[in-house]
Amino acid sequence: TITVESNPAPDDWGRFGHGAAFAGAEALIWGGWADEGGTPAAPQFLAYSPAEDSWRERSPAPFPTTGDAEVAWTGTELLVVGGQITEGGDVSDSAGAYDPATDTWRVLDPLPVPRGNDASVRMDAVWDGEHLTVWWPDAGVVAQLSPSTGAWTAVSTPTLELGVGGTADLLLLGDTVV
């Protein structure tokens with residue numbers, strides 16, 4: 001049975017541009033914006049327990065990322081990579097891993113494609129069970145993050161034509177990322 005709730009969070013915790021992943025018994029909600037003016041959502045990091053129908057704040061990350069980050073659940077940690085520090089402005093090259101069992105973070109190596117202050121440098125990511133594969137379509141780069149080492153490895157440089165204003169997503173099909 002699927003239950004849909006439009007906004008089970010308290011009204012003042014509404015947000016958009018956030019990342020979310022289901023981590024076994026709870027949903028982890030990372031970052032986002034409180035309004036169109038670029039106000040960071042507060043609290044920055046939440047956990048929702050459907051069984052208890054309750055929310056709780058989690059420890060903030062030790063790096064400056066607010067919204068539009070890529071997130072993935074590994075089975076033991078939430079990976080957070082990139083994102084914006086200010087909406088439509090400064091972007092983050094940071095990456096980190098969050099352990100909900102201890103409510104702690106560890107900092108991973110920065111993104112291999114520097115984003116500087118260019119929020120238009122798009123990225124997309126997918127977890128394959130061992131690595132977080134991240135694609136920067138505008139830079140033509142694919143790299144994998146190993147959570148165990150915290151290091152990035154270049155995978156390939158795809159030649160894809162997205163067209164002007166095109167978008168793309170990564171998808172895991174068996175053991176192939178497309």
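Read the figures in this text as sums done on the coordinates, not as results from a lab. If you're wondering where the values come from, they're calculated on a predicted model, not measured in any experiment. Quick reminder, even Gly has a Cβ in these numbers, built from the backbone with ideal geometry, and neighbours come from all protein chains shown.
For Asp35 and Arg56, the difference between the fully extended length at 0.36 nm per residue and the C-alpha to C-alpha distance is 5.4 nm. Counted residue by residue at 0.36 nm each, then reduced by the alpha carbon distance between them, the extension gain from Ala20 to Arg106 reaches 29.1 nm.
Taking a sphere under 14 Å around the Cβ of Ala151 and counting the other residues whose Cβ falls inside, with K and R at +1 and D and E at -1, yields a net charge of -1. Tally Lys and Arg at +1 and Asp and Glu at -1 over the other residues with C-beta under 13 Å from the C-beta of Asp103: what net charge comes out? Net of charged neighbours comes to -1. Highest mean packing first, where packing is the average number of other Cβ atoms within 10 Å per residue, the peptides 97-108, 73-84 line up as 73-84, 97-108. Taking 0.36 nm per residue of separation and subtracting the Cα-Cα distance, full extension of the segment from Ala154 to Asp124 would add 9.3 nm.
Please give the direction-averaged projected area of the C-alpha convex hull for the stretch 27-69, in square nanometres with one decimal.
Dividing the Cα hull surface by four gives the mean projection, 3.3 nm².
Peptides 20-27, 142-149: what's the order by average Cβ count within 10 Å, highest mean first?
Per-residue Cβ counts within 10 Å, averaged per peptide and sorted highest first, yield 142-149, 20-27.
The modelled label-to-label distance between Ser49 and Asp99, using points 7 Å beyond Cα along the C-beta direction, is 2.1 nm.
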